């Protein structure tokens, strides 16, 4: 079983966002998490939010509990504050589910 989320974000600073990804991926790996898909979006044809989206990705974890532990990890939160909060204008959770 894998716990997966599909997230849409509006990246306003590609360089700073890449710093976020570079710094957070080792932490993500240590929790057994990974990115499944990652897309830069040229156009959104339909959306359930007014927030703009220019990047969509999936992020996977061994379980929901592991995902929650990762997103509340102090080291991750420091990286998020330093890079994500400065590079992403909006975040939209598209889906969250367990899959075999």
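The values are calculated or read from the model by the stated rules, or taken from the named source; none is laboratory data. Bear in mind the structure is a predicted one, so any value in this text is a computation, not a measurement. With ideal geometry, Cβ positions are generated from the backbone for all residues, glycine too; neighbour counts draw on all protein chains shown.
When we screen 29, 38, 13 for residues that are at pLDDT 95 or above and within 19 Å of residue 85 (Cβ to Cβ), the only hit is 13. Among the residues of segment 45-63, those identified as free of Cβ contacts under 8 Å to residues at least 60 places away in the same chain and part of a loop (DSSP other than H, G, I, E, B) are 45, 46, 47, 48, 49, 50, 51, 52, 53, 54.
Being without any contact (Cβ under 8 Å) to a residue 40 or more places away in the chain, out of contact with any strand residue (DSSP E or B) (no Cβ under 7 Å at 6 or more places or on another chain), assigned to a helix (DSSP H, G or I) and under 15 Å from residue 93 (Cβ atoms): is that true of residue 68 here? Considered against the rule, which asks whether it is without any contact (Cβ under 8 Å) to a residue 40 or more places away in the chain, out of contact with any strand residue (DSSP E or B) (no Cβ under 7 Å at 6 or more places or on another chain), assigned to a helix (DSSP H, G or I) and under 15 Å from residue 93 (Cβ atoms), residue 68 comes out as yes. In summary, residue 86 fulfils each of the numbered conditions (1) without any contact (Cβ under 8 Å) to a residue 60 or more places away in the chain; (2) in contact with a helix residue (DSSP H, G or I) (Cβ under 6 Å, 6 or more places away or on another chain); (3) surrounded by fewer than 16 Cβ atoms within 10 Å (Cβ to Cβ) with the single exception of condition (1).
Report whether or not residue 22 is over 12 Å from the mean Cα position of the chain (by Cα) and closer than 18 Å to residue 75 by Cβ.
Spelling it out, residue 22 is indeed over 12 Å from the mean Cα position of the chain (by Cα) and closer than 18 Å to residue 75 by Cβ.
Of all the residues in segment 34-44, those that are in a loop (DSSP other than H, G, I, E, B) and loosely packed, with under 12 Cβ neighbours inside 10 Å number 2.
Residues in segment 69-88 that are farther than 22 Å from residue 14 by Cα and under 12 Å from the mean Cα position of the chain (by Cα): 70 only.
Within segment 1-33, if we keep just the residues that are in contact with a helix residue (DSSP H, G or I) (Cβ under 7 Å, 6 or more places away or on another chain) and without any contact (Cβ under 8 Å) to a residue 40 or more places away in the chain, the residue that is surrounded by the fewest Cβ atoms within 10 Å (Cβ to Cβ) turns out to be 32.
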